1. Please determine, by comparing only the residues of the stretch 155-173 that are touching a helix residue (DSSP H, G or I) at 6+ places or on another chain (Cβ under 7 Å) and either modelled with pLDDT under 90 or not in a helix (DSSP H, G or I) (or both), which one is surrounded by the fewest Cβ atoms within 10 Å (Cβ to Cβ).
2. Out of the residues in the stretch 112-139 that are touching a helix residue (DSSP H, G or I) at 6+ places or on another chain (Cβ under 9 Å) and assigned to a strand (DSSP E or B), state the one that is farthest from residue 194 (Cα to Cα).
3. So which residues in the stretch 54-72 are under 11 Å from residue 104 (Cα atoms) and part of a helix (DSSP H, G or I)?
4. Here is a check on your reading of the model: is residue 99 more than 24 Å from residue 161 (Cβ to Cβ), crowded, with 16+ Cβ neighbours inside 10 Å and touching a residue at least 24 places away in the same chain (Cβ under 8 Å)?
5. Residue 120 - would you say it is crowded, with 20+ Cβ neighbours inside 10 Å, at pLDDT 85 or above and within 30 Å of residue 202 (Cβ to Cβ)?
6. State whether one or more residues within the stretch 78-88 are surrounded by fewer than 18 Cβ atoms within 10 Å (Cβ to Cβ), in contact with a helix residue (DSSP H, G or I) (Cβ under 9 Å, 6 or more places away or on another chain) and in a helix (DSSP H, G or I).
7. I'd like the residue in the stretch 174-194 that is within 19 Å of the chain's Cα centre (by Cα) and free of Cβ contacts under 8 Å to residues at least 24 places away in the same chain and, out of all such residues, is surrounded by the most Cβ atoms within 10 Å (Cβ to Cβ).
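The values are calculated or read from the model by the stated rules, or taken from the named source; none is laboratory data. Small disclaimer: the values here were computed from a predicted structure and weren't measured. Virtual Cβ from ideal backbone geometry, glycine too; neighbours counted across all protein chains shown.
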C-alpha cells in the first residue's frame, strides 16, 4: 500500500468469544471501520485469478494458504479505500479473524500498524461450545453445530492462533472477559480502544492543518 500502514486494533480470541459480534457493533461507530476475514472470503470474486485459487482449496475442504488469504485481504482493503468505505487517515481499522496466525502476522507487517489487541478471554469451554452451537443452528449451518466440529476449531485456535499473543508486545494487549453480556463486553472493549481512535483522529487533524 502507498503511504503509512493502516492504524489497526485486533479483536482476538477463541471461537465463540464474540469477536464478530463486538466488531459489527464497533464498526457502526463513526471513526471505526470493521472487517472480518469471513467477510473477505464471502466477497471474493470467484472468477478472478485469486478467486479461482481460493475455490480450488476450499472445494477440497483444505485451508487456504496464508499467502493467498493475505493477498485476498489486501485486494479487498484496496477496493474499500478506493470506494471510500474506509478512510485510513481518519478511521481506525478493527480486524477479526485476520491475522489468524504468526505467519499471517508477519506477512501483514508492511500493511498493518497494530496499536492495540483486545483479547476476549473465555475460559469456560463448555459455554463457548454451546454459544457456537446456537449460532450455527440460527444461521442454518447444521454441520457446524456438531460438537466434534466445534472442538476441532478450538484445537486449531490453540495450535495456530494463540501463539500470536507472544508475537505482539505484551503492552499492546488487554484482556476482556468474553463470557459477560455483550453490552458489558462492549463497554470494556471501548474503554481499551477509544483512546487509540481518539489519538489517531487527533493526529489526522494536525496533519490536515499542517498540510
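1. The extreme case among them is 163.
2. 112
3. 66, 67, 68, 69, 70, 71
4. Considered against the rule, which asks whether it is more than 24 Å from residue 161 (Cβ to Cβ), crowded, with 16+ Cβ neighbours inside 10 Å and touching a residue at least 24 places away in the same chain (Cβ under 8 Å), residue 99 comes out as no.
5. Answer is yes for this residue.
6. no
7. 188
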